Structures are given as structure tokens and as C-alpha cells.
Amino acid sequence: AAKEAGRGVHSFYDKSMHADAEDRRNLEMDLRKALAENQLHLVYQPQVSTVDEEISGYEALVRWEHPVRGSISPATFIPIAEEAGLISHIGEWVLRTACSEVSSWPQNVKIAVNVSPTQFANPGFPSIVVNALATSRLAANRLELEITESVFLIEGDETDRMFSRLKSIGVRLSLDDFGTGYSSLSYLKKAPFDKIKIDQSFVRGAAMPDTRNAAIIKSIVSLAEALDMETIAEGAETHDELDLIKTLGCSHVQGYIYSKPLVAKEAVALLHNEFGTITPSGMNKTRMP
Ligand code: C2E
Ligand code: MG
Ligand code: MG
Ligand code: MG
């Protein structure tokens, strides 16, 4: 049957693959214009302490409002930007914009910014960070750079050198999507991370009976504690997941259970709630009039 269908199926795939490639080329061209034409903006998702439900910081996430197609997910356009050699440009814009927007927010609030492996591999990256901090007058210890395990695939001792240069600037480092990539534990020994972000794939559904996720989260937490790192559980959506995360000892949570990513104005407003705390389900403790 497969053989009979073969011909039709084949030409169908050819067609859709062709469309995909063309689609990609169009998006790439549009992406070149997006920065110049102000189509990118940042949204901010709260990172919440499990101890007191205080918002310790926000993760900056880039958004692209395409003039014709509407909003395009970073999961779609970041890989295109990587391949088209546009990621360093976009990444620098994200860093500068996040630092300057957040510099006027309350002093204790941190800002986490995603750094792509390509940016990290650029020897000029530390200077870009120093410059973004100086221009915005944001204190270095309020900036946290989120890096994924894939940076450990960069050859040579460049990676070690980059880590020490970034640490000497005084920024914080966080290991994003932990457990999904090239998970060798040996790099945890030398890389100076302040925080491990436990990937959503372990967090979501962790509270269901009969899953191994809880055991995995528990062991990541104990590893992080032994290495004096914070842990943040990404992607918690339900009360059950939140309760479990607290029980397992994660120090922080980031997920829809507290809030989706917010535009800057909403993020600042949230910080003016009582004690800068937030309650699950996005229902904030607002001051009584
Ligand atoms: P990430 O850095 O792991 O960011 C977390 C993603 O999970 C965000 O998706 C966030 O909106 C989503 N998320 C958080 N909590 C929940 C939840 O409870 N449920 C669900 N379903 N999703 C949740 P987003 O904004 O679409 O970003 C996707 C990825 O794109 C990011 O993953 C990151 O790898 C990349 N990205 C986003 N902004 C940037 C950027 O400025 N630079 C670079 N290099 N990459 C970026
Ligand atoms: Mg991230
Ligand atoms: Mg992540
Ligand atoms: Mg991710």
C-alpha cells in the first residue's frame, strides 16, 4: 500500500517542502527589515520565589509583530535568524532594550536575557554586555544571561574564557532548558552558573501519578543545592504542578500558573502590587482602595 501511495505522497512532500523553503526565504527577508521598522518588542514573564511568592525578576522574551502575518513565535524566527546570520544583531537589540527598559524598574528586580550560542561564541560579546550595562546604567548583578547547554559544543577553551570574562563583569549566569540538550554533568563542575532552569518537559505533567519527572526534578534540585545554585522550574501551569515544585524544593518558578509574558507596562504595574508578590492563576494581590 505504501508503494502504491508512494508517488502521490512523494510529490505532496516535495510541494510542501518547496513551500517551506520559500516561506523561510521570505521570512528571512522580512526579518532583515523587522528591526529597522520597529516590528520587534519584548515581553516579560515573572520569575517567582517559591518561599514568599515575591517576583525576583523577569525573563525578557522577544516578539515579532509581522505587518502581514501578525505575531510570529520566537520558536519560529530565532532559528531563521541564526541561519541567516541575523541573531547577533537581534540579540544585541534584545540585550540593550531589556537593560534600558528594566533600569527604571524597582532596584531589586532582575532581568534574564536569552543568549544564543552564536552570540556566546563571539569574542566581542562581553564588550557588548558591558556597553549595554553602561548605557542603561543597570547594575551588572541585575542582569542574568540565559545560556543553553549547546554552548558546550563550542570547540576549544573559548567557552571557559567566555564564562570567566562574563563573571568578571558581574552578571549572573543561568543554564536554560536544563536536561534537554547535550546533558553532560561535567560542565556543571567548571561553569559558574548561578541558576539552573529545569526544562518545561520535566515540569509539565510532573504532578500526574506515574511519572518519573518528579524524581528527575528532585535530583536536579539536590545537585543544584550541592553546587550552590538556584533552581527555577519553567512552564508550571497547574496548582498541582506548583505544589509539587514547592515540595521538591525548587527555589523559583516561572510559568502560566503565575503569569504569561507581559508587556513592559503590565510588568511594572505588577511590581507595584503589595510587596511585589503575585499569587497563582495570575490573580494579583492588589491594594484595597
Ligand atoms: P525559553 O528561553 O526556554 O523561554 C521560555 C518559553 O516558555 C517562552 O516561550 C515562554 O513564553 C514559555 N512559557 C513559560 N511558561 C510557560 C507555561 O507555563 N506554559 C507554556 N506552554 N509555555 C510557557 P517563547 O516566548 O515563545 O520563547 C520560546 C523560545 O524562544 C525561548 O525559550 C528561547 O529559547 C527563544 N527566545 C525567546 N526570546 C529570545 C531572545 O530574545 N533571544 C534568543 N536567542 N532566544 C529567544
Ligand atoms: Mg530562556
Ligand atoms: Mg527554557
Ligand atoms: Mg526553550
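Please state which one of Tyr182, Tyr187 is within 16 Å of ligand 4 (Cβ to nearest atom) and either closer than 26 Å to Gly156 by Cα or surrounded by fewer than 22 Cβ atoms within 10 Å (Cβ to Cβ) (or both). Talk me through it step by step, then tell me what you get.
Numbers: Tyr187 fails: within 16 Å of ligand 4 (Cβ to nearest atom).
Only one candidate passes the filter, namely Tyr182.
Restricting attention to region 137-159, does a residue exist that is more than 19 Å from Pro192 (Cβ to Cβ), of a type in the set (Ser, Thr, Tyr) and touching a residue at least 24 places away in the same chain (Cβ under 8 Å)?
Among the residues of region 137-159, not one is more than 19 Å from Pro192 (Cβ to Cβ), of a type in the set (Ser, Thr, Tyr) and touching a residue at least 24 places away in the same chain (Cβ under 8 Å), which makes the answer no.
May I ask you to verify whether Val253 is in contact (Cβ under 8 Å) with a residue 60 or more places away in the chain, open to solvent by 20 Å² or more (accessible area, probe 1.4 Å) and within 20 Å of the chain's Cα centre (by Cα)?
no
Of (1) away from ligand 3 (no atom under 16 Å from the Cβ); (2) at pLDDT below 95; (3) open to solvent by 20 Å² or more (accessible area, probe 1.4 Å), Thr277 satisfies all except one. Which?
That leaves (3) as the condition not met.
Going through Glu101, Glu155, Glu144, Glu92 one at a time, which residue ends up being open to solvent by less than 20 Å² (accessible area, probe 1.4 Å) and of a type in the set (Asp, Glu)? Reasoning before the result, please.
Numbers: Glu101 fails: open to solvent by less than 20 Å² (accessible area, probe 1.4 Å); Glu155 fails: open to solvent by less than 20 Å² (accessible area, probe 1.4 Å); Glu92 fails: open to solvent by less than 20 Å² (accessible area, probe 1.4 Å).
So the residue among Glu101, Glu155, Glu144, Glu92 that is open to solvent by less than 20 Å² (accessible area, probe 1.4 Å) and of a type in the set (Asp, Glu) is Glu144.
Please give the number of the condition Arg204 fails out of (1) charged (D, E, K, R); (2) within 16 Å of ligand 4 (Cβ to nearest atom); (3) modelled with pLDDT of 95 or more; (4) open to solvent by 10 Å² or more (accessible area, probe 1.4 Å).
(3)
Within region 111-135, track down each residue that is buried (at least 20 other Cβ atoms within 10 Å of the Cβ) and not aromatic (Phe, Trp, Tyr).
Start the filter on region 111-135 by keeping residues that are buried (at least 20 other Cβ atoms within 10 Å of the Cβ), which leaves 111-116, 119-120, 125, 129, 132-133.
Across region 111-135, the qualifying residues are Ile111, Ala112, Val113, Asn114, Val115, Ser116, Gln119, Val129, Ala132, Leu133.
Please go through region 135-160 and pick out each residue that is outside any loop (DSSP other than H, G, I, E, B), away from ligand 3 (no atom under 16 Å from the Cβ) and within 16 Å of Trp105 (Cα to Cα).
Across region 135-160, the qualifying residues are Thr135, Ser136, Ala140, Asn141, Arg142, Leu143.
Limited to region 183-226, what total is found for residues that are part of a loop (DSSP other than H, G, I, E, B), under 28 Å from Tyr44 (Cα atoms) and among the aliphatic types (A, V, I, L, M)?
Within region 183-226, residues that are part of a loop (DSSP other than H, G, I, E, B), under 28 Å from Tyr44 (Cα atoms) and among the aliphatic types (A, V, I, L, M) number 3.
Just name the residue that is nearest to ligand 2 (Cβ to nearest atom) out of those in region 227-239 that are open to solvent by 70 Å² or more (accessible area, probe 1.4 Å) and part of a loop (DSSP other than H, G, I, E, B).
Glu237
So Ala84 passes all but one of these: (1) open to solvent by less than 30 Å² (accessible area, probe 1.4 Å); (2) under 18 Å from the mean Cα position of the chain (by Cα). Which condition number does it fail?
Only one criterion in (1) open to solvent by less than 30 Å² (accessible area, probe 1.4 Å); (2) under 18 Å from the mean Cα position of the chain (by Cα) is unmet by Ala84, namely (2).
Residues that are over 23 Å from Ser164 (Cα atoms): list the strands (runs of 3 or more DSSP E) wholly contained in region 22-129 that include at least 2 such residues. So that I can check it myself, show each step before the final result.
Values: elements: 40-49, 55-66, 70-72, 110-114.
Counting at least 2 such residues, we get 40-49, 55-66, 70-72.
The values are calculated or read from the model by the stated rules, or taken from the named source; none is laboratory data. As the structure is a prediction and not an experimental result, all values here were calculated from the model. No Cβ is skipped: glycine too gets one built from the backbone with ideal geometry, and neighbour counts run over all protein chains shown. Ligands, DNA and RNA are excluded from the accessible area calculation, which covers all protein heavy atoms including side chains. Shrake-Rupley method; radii C 1.70, N 1.55, O 1.52, S 1.80 Å.
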